[in-house]
Structures are given as structure tokens and as C-alpha cells.
Amino acid sequence: MIRTALIGGTGYGAMELLRLSLAHPELEIATLTSRSETGLVGDALPHLRGFTEARFTAADPVALADDHDVLVFATPHGVAAAQAHEVLRANEKVRVLDLSGDHRLRDAALYPEHYGMQHPQPSRLAEAVYGLPECGGREAVPGARLVANPGCHATAALLATAPLVEAGLVRGRIALTSTTGSTGSGRKPGVGTHHPERATNFKAYKPLAHQHLPEITQCLAALGDAPQIDFVPQSAPIARGIAVTAFVPVPEGSESRAADVIRARYEGERFVRCVPGTPELRAVVGSNMADVGVAQGHGLLCVFVTLDNLLKGMAGTAVQNINLLFGLPETTGLETPGLGP
Ligand SMILES: NC(=O)c1ccc[n+]([C@@H]2O[C@H](COP(=O)([O-])OP(=O)(O)OC[C@H]3O[C@@H](n4cnc5c(N)ncnc54)[C@H](OP(=O)(O)O)[C@@H]3O)[C@@H](O)[C@H]2O)c1
């Protein structure tokens with residue numbers, strides 16, 4: 001069994017990882033830390049009542065390094081940046097999987113602008129592997145000690161655009177919108193994320209300045225000539241899901257070829273489905289699937305991606321990465337379809 005500790009055990013990411021572990025033959029969530037809860041997990045997370053006897057603990061992550069195979073930081077940004085370094089120093093075999101943005105960017109100078117902090121351990125950024133299996137992570141993750149799980153918007157944006165950048169088919173700037181549900185903001189309510197504020201509302205936020213933009217650009221730059229990305233996230237009155245629309249300029253006359261590139265790129269990818277027409281959230285929510293659709297214009301390919309932000313956008317990809325780290329088939333524990341209507 002893969003002995004796993006979840007740091008930030010009461011949050012949405014940890015909650016989903018724990019739920020996925022119940023159907024995973026090798027993934028044992030041995031420890032869940034919390035600063036606010038001390039009792040049974042099933043008391044704090046009622047949908048898990050009766051499925052686990054696990055209890056929360058206030059253990060220090062560094063003290064968990066010796067008797068766990070992997071520590072997963074499911075914490076707000078700033079926590080893993082400060083603590084992962086000490087965990088990795090404490091035991092040379094332990095692996096760290098960081099669900100936050102703390103190890104996604106290679107350039108430490110980007111952290112003050114995008115995450116409002118000086119990175120406390122910039123030397124760790126060079127060794128961290130960006131864990132999007134469908135975009136290079138499959139090859140890089142197995143040998144890594146420190147894996148940066150991708151952001152939810154970034155996952156959808158990269159699945160939409162990476163094949164066309166790889167194929168050298170992008171001509172000019174890519175405009176990209178990404179609509180997200182309220183779970184994207186985590187479990188702790190805030191004024192902008194509180195149900196009465198969101199339930200009947202729809203708006204753009206952090207236009208052209210969202211913190212996932214640099215990781216999208218960084219990943220695309222590793223695949224080809226990175227285009228300028230104009231990225232506008234939007235918040236919708238739904239709980240789960242991300243829906244991206246990417247407007248990708250391609251050479252006139254090569255629109256069909258560009259569409260074929262997308263379809264060919266995802267043939268054989270278990271968790272990416274190319275669908276006719278435009279993909280829907282209800283087909284992916286509750287699963288680790290990302291659905292991709294395309295529409296052709298003149299010198300333009302629109303690429304649409306839907307996924308569940310808590311699964312393919314976080315905990316599902318985290319399980320793919322854990323499977324890769326420990327030599328299991330990447331799909332282990334993830335063969336569950338979406339909820340449907
Ligand atoms: N939500 C998404 O769709 C999504 C998708 C991809 C990535 N992410 C990223 O993944 C990370 C986790 O997201 P989430 O949605 O699970 O967040 P969340 O629901 O807000 O949970 C974070 C947990 O971390 C704990 N925590 C908070 N501050 C801490 C601190 N200073 N030290 C130790 N523990 C602390 C909290 O537990 P206690 O208060 O009980 O200690 C909390 O339950 C975030 O960095 C987020 O940006 C989120």
C-alpha cells in the first residue's frame with residue numbers, strides 16, 4: 001500500500017482524494033492533518049461517514065516524512081512553499097505532491113506578482129516536476145521527488161491549446177475564457193464565494209491577471225513557440241466544473257487539419273475524450289474525464305474543454321500522479337464515469 005498523508009485534510013482537495021482512495025487498491029490515506037478538526041473524518045465530511053474510520057490529527061508534516069511514502073499538500077498557497085523543503089530534507093525517500101501553486105512556476109521572480117509572496121525556497125522550483133500527465137508529466141513524474149499538481153483552469157487551458165502549439169499551428173494570440181464553479185475557491189467561505197453572493201450571479205474575475213496564466217505559458221513554452229495568451233476567468237453559479245473556450249488563430253485553410261491534430265493527439269488518452277459538438281459539464285462532473293470539442297471558423301479553431309475542477313482539475317490528476325510515482329497503471333482507481341443529469 002502507498003502510505004499517504006494529506007496535509008489540509010478538511011479541504012475539498014483532500015476530501016476528494018480520500019473519496020477516490022476508497023476505490024483504489026493501493027492508496028492508503030494513513031493520515032489527515034487539520035488545524036481545526038480533531039475528530040472522525042466522517043463527522044466533518046458527512047458523505048464519508050461509514051466509509052472510513054480515519055481521524056484528523058494535528059501532526060507536523062515534517063514528523064510524517066519517515067513513515068509515509070508521499071505527503072500531499074492540499075493547502076492554500078504559501079504552506080507547501082514553506083514546509084515541503086523540510087519534509088524532503090527529513091527523509092530522502094519520501095515524495096511530495098503539492099496541489100497548490102507553490103511549486104508550479106520555475107521562475108521565483110513570478111511569485112510576488114501572482115501569489116503575493118517571495119518564494120521561501122526558490123531552489124526547490126528547479127527540481128519540481130509539473131504533473132500534467134497528458135502534457136509531459138507522464139514521462140517526468142515517475143522519477144520526481146517533488147511534483148506540482150496543475151491548477152484547474154490551467155489543466156483545461158492546456159488540454160485545449162497544447163496540441164496546436166506542439167504542432168506549430170498557432171498564428172497570433174490565443175483568447176481564452178474559463179468558467180468555474182464555487183468549489184474552485186475552496187471550503188472556507190469568503191464574501192465573493194459565499195452562496196448568496198454567487199448563486200444567482202455570473203461575472204469575470206482577475207481578467208488578464210489570473211495566477212494560472214504563467215503556468216499555462218510556461219508549459220506551452222516547453223512544447224513549442226509559446227503564443228501570447230489573453231486569459232479571462234469567469235465565475236458561474238454552479239458548484240463544480242470548469243468550461244474553457246480557447247479561440248486559437250490557425251493558418252487559413254488548415255482549420256480541418258488543426259481539428260484533426262486535436263483528435264489525433266488525444267486518441268488513446270484514457271481521461272480525455274474528443275466529443276462531437278461542444279462538451280458539457282454534466283458529462284464530466286464526478287469523474288476524472290476532460291471532454292474536448294472543436295468548431296472551425298476562418299483562420300480560427302475554437303477548442304472547448306470541460307472537466308471537474310475537483311477531479312481532473314485536482315484530486316483525479318493527483319491520483320494519476322501518485323500512480324505514476326509508484327509504478328502503478330496511471331488509471332488505477334479512476335475508472336468512474338461522470339454523474340450525468
Ligand atoms: N478547489 C479547486 O478546485 C482547486 C483545484 C486545483 C488546485 N487547487 C489548489 O489546491 C489547494 C487546496 O485547495 P482546496 O480547494 O482543497 O482548499 P480548501 O478547501 O480551502 O482546503 C485547504 C485546507 O488547508 C488547511 N489549511 C489552511 N491554511 C493552512 C495552513 N496555514 N497550514 C496548514 N493547513 C492549512 C485547511 O484545513 P484546516 O483549517 O482544518 O487546517 C483547509 O481545509 C489550494 O492551494 C488550491 O489553490 C484547488
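Quick notes on this one:
- Neighbour-limited loop hits for trypsin sites (Lys or Arg not before Pro), region 129-196 (at most 16 other Cβ within 10 Å; DSSP other than H, G, I, E, B): ARG171, ARG173, ARG187
- Cα-based helix-to-principal-axis angle, 316-325 vs the chain, degrees rounded to 10: 70 degrees
- The slack in the chain from GLU113 to VAL232, taken as 0.36 nm per residue of separation less the alpha-carbon distance, amounts to 41.1 nm.
- Bridge orientation summary for region 1-158: considering DSSP beta bridges with both residues in this region, about 5 percent are antiparallel.
- Computed label-point distance, nm, for sites THR336 and THR200 using a 7 Å Cα→Cβ extension: 3.4 nm
- 3J(HN,Hα) along region 272-286, derived from phi through the Karplus expression 6.51 cos²θ - 1.76 cosθ + 1.60 where θ = phi - 60°, amounts to 10, 10, 8, 10, x, x, 9, x, 10, 5, 5, 7, 10, 4, x Hz, with x in place of Gly and Pro.
- Dipole magnitude (debye, nearest 20) for region 1-129, charges at Cβ of Lys, Arg, Asp, Glu: 120 debye
- Label point 7 Å beyond Cα of SER254 along Cβ direction - residues of region 279-320 with amide nitrogen under 20 Å: 294-304
- Nearest 10 degrees, 0 to 90: helix 255-266 Cα axis against the chain principal axis: 20 degrees
- In region 152-309, the inverse of the mean reciprocal separation of distinct Cα atoms equals 15.9 Å; this is its Kirkwood hydrodynamic radius.
- Dipole of the chain, positive end: most advanced residue of LEU301, VAL70, THR180 [Cβ charges, Cα centre]: THR180
- Candidate lysines - alpha carbon under 26 Å from LYS206, same-chain residues fewer than 8 apart omitted: LYS188, LYS312
- Relative contact order (%) - criterion: Cα under 8 Å, at least six apart; region: region 2-127: 22 percent
- For the pair ALA239 and ARG138 in one chain, pulling the backbone fully straight at 0.36 nm per residue adds 33.4 nm over the alpha carbon distance.
- For region 172-249 versus region 66-128, the inter-centroid distance based on Cα atoms is 23 Å.
- Counting every other Cβ atom within 10 Å of each residue's Cβ, VAL275, VAL170 order from fewest to most as VAL275, VAL170.
- Rounded to the nearest 20 debye, the dipole size of the chain about its Cα centre is 560 debye, using +1 on the Cβ of Lys and Arg and -1 on the Cβ of Asp and Glu.
- The chain - share of DSSP beta bridges that are antiparallel (%, nearest 5): 45 percent
- Average Cα contact separation per residue, the chain, under 8 Å, 6 or more apart, as relative contact order %: 16 percent
- Of all DSSP bridge pairs formed entirely within region 152-309, close to 70 percent run antiparallel.
- Once the Cα-Cα distance is subtracted from the 0.36 nm per residue extended length, the ALA58 to ALA222 segment shows a gain of 55.1 nm.
- Pairs of Cα atoms nearer than 8 Å and 6+ residues apart set the relative contact order; for region 225-341 it is 29 percent.
- To the nearest ten degrees, helix 79-90 and the longest principal axis of the Cα atoms of the chain are 60 degrees apart.
- Karplus-derived 3J(HN,Hα), 6.51/-1.76/1.60, for each residue of region 5-16, Hz, glycine and proline x: 10, 9, 8, x, x, 8, x, 5, x, 4, 4, 6
Bear in mind that the values in this text are calculations on the coordinates, not laboratory data. Fair warning: this is a prediction, and the values are worked out from it, not measured in the lab. Reconstructed Cβ throughout: ideal geometry from the backbone, glycine too, with neighbour counts over all protein chains shown.
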